[in-house]
Amino acid sequence: MPTALFQLVQRAAIEAGFDRVGVAPAWDPAMRELEHFAAWVEAGYAGEMEYLKGRSESGEYKRSSLEQALPWAKSVIVAAMNYNTAVPRSIEPSEPTEGWISRYALSPRDYHDIVLGALKRVESVLSEDIRVSGGEAATRCYVDTGPVIERVYAKYAGLGWVGKNTCLIDQRLGSWFFLGVIVTSLDLSAFATDAKLNIASDRCGSCTRCIDACPTDAILAPRQLDASRCIAYFTIEKRGEIAEDFRSDIGRHVFGCDICQDVCPWNRKAPVTRNPDFQPDPRLVNPDLSELARISPQEFRERFRGSPIARAKHSGFLRNVAIAMGNSGCSEYSTDLETMMESGDPTLAEHARWAISRLKELSSPR
């Protein structure tokens, strides 16, 4: 494979809006992290995220067995897109009447669509060059949807190291970036290696800020995350009732959690994205909880159509708002919570009851 073709991919990725691009082999014995995925799922750490548990015909988990899912695959092109914006961090002081929505979800558009569109442009450039030269190649583009554990391939493509919070960290970008991959039948392995795989040095050192800061102790050990305990999991993926033991630790998080990234030293000087698609909706930055509580189902559909927030669904979103209100310590939310109790949604009513009880607990003399 000529060097010029890989350089063409790099240029196309930058022009499409990516900040970093690299390539890793579809499989290599050194990529031991892929072998750990099955044990992680079977330990229950994936919670109710059934999409992570899909198996191939041979019985292996698709996400960790690319050679089974796409046997023609030889290389994985990995691209990183910065989404960091100049908004407050979740660990900064805010009013008790304000909730928190994860930085990645502040844009009105879903990042899957933005990143996939950019990947398709890179794929088109690659395919056209191969066609003109008389060759052929199979390709597939994925953003969180394919048989690929993106951060593992990103690590072996040299885009960064896996931090103790399990996020990929780049020395310049920090961890505020999305990953997209193009799986290809082209053998680009020569560009994934110097002498061995092009792995970035681990620069976490002795730092444990992310582990220490997690309110729900979801980071069990360095690079071992129990997603079923994660605030992001509770507020985005979890359907129905959230276990009472975790509700007070969720704080005022309404959708997602950034704590383990906000405390990371590598994110202190992370550059702000220039991509207009990721500019935040100002109404979602430290949003007023009363306003969120009064969003009707129709308003929710209209306001968050095309947004990552739509994933929580209206009922789950209000459930999260109820918990945030309970943790706010603001007794004036009792009226909103009583309205939720009468909504006819038993799950929402139960969380609203808990929130009212929590407000009384926080207001009682200690």
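Every read-out reported here was derived from the displayed coordinates using simple, explicitly stated rules and does not represent laboratory data. Since we're looking at a predicted model, the values are computed, not measured. Methodologically, a virtual Cβ is constructed for each residue, glycine included, from the backbone with ideal geometry; neighbour enumeration extends over all protein chains shown.
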- Would you check the chain for Lys pairs whose C-alpha atoms are within less than 17 Å, ignoring same-chain pairs closer than 8 in sequence, and give me the count? 8
- Message: Go through the cysteines of the chain and tell me which have no other cysteine Cβ under 4.7 Å away.
- Response: Cys141, Cys167, Cys204, Cys207, Cys214, Cys230, Cys257, Cys264, Cys330
- Query: Simple spin-label model, 7 Å along Cα-to-Cβ: Ser94 to Ser58 in nm?
  - Reply: 4.6 nm
- Using the charge dipole of the chain (Lys, Arg: +1 at Cβ; Asp, Glu: -1 at Cβ; taken about the Cα centre), state which of Pro147, Tyr333, Ser185 has its Cα farthest towards the positive end. Ser185
- Message: Counting each pair of different Cα atoms once, what's the Kirkwood radius of segment 1-154 in Å, rounded to one decimal?
- Response: 18.0 Å
- How far apart, in nm, are two points set 7 Å out from the Cα along the Cα-to-Cβ line at Glu302 and at Gln224? 5.0 nm
- Checked against the structure, the computed Cα extents along the principal axes in Å among (i) 60, 44, 42; (ii) 79, 41, 40; (iii) 73, 42, 37 is the one labelled (iii)
- Determine the gain in length on full extension of the stretch Arg283-Ala30; use 0.36 nm per residue of separation and subtract their C-alpha separation, reporting nm with one decimal. 86.5 nm
- Task: For segment 73-124, compute Rh as the Kirkwood radius over C-alpha pairs and then the Stokes-Einstein diffusion coefficient at 25 °C and 0.890 mPa s; write the answer in µm²/s, rounded to an integer.
- Result: 175 µm²/s
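Once you charge only the Cβ atoms, +1 for Lys and Arg and -1 for Asp and Glu, what is the size of the charge dipole of segment 1-84 about its Cα centre, to the nearest 20 debye? Working shown, then result.
Values: 8 positive and 11 negative charges, 51 e Å.
That gives a dipole near 240 debye.
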- Task: Pop a pseudo-label 7 angstrom from the Cα along the beta-carbon direction at both Arg203 and Ser343 and give the gap in nm to one decimal.
- Result: 4.4 nm
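Where the eigenvalues come from the Cα gyration tensor of segment 81-216, what are the semi-axes √(5λ) of the equivalent ellipsoid, largest first, in whole Å? Please list the in-between numbers first.
On the way: eigenvalues 224, 88, 23 Å².
The equivalent ellipsoid of segment 81-216 has semi-axes of 33, 21, 11 Å.
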- So Asp129 and Glu241, fully extended at 0.36 nm per residue minus their Cα-Cα distance, gain in nm 35.1 nm
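Assuming R0 = 41 Å, can you tell me the calculated FRET efficiency for the pair Arg294 and Glu67, based on Cβ-Cβ distance, to the nearest 0.05? The partial results should precede the final answer.
Numbers: r = 51 Å, r/R0 = 1.24.
Once the sixth-power term is evaluated, E becomes 0.20.
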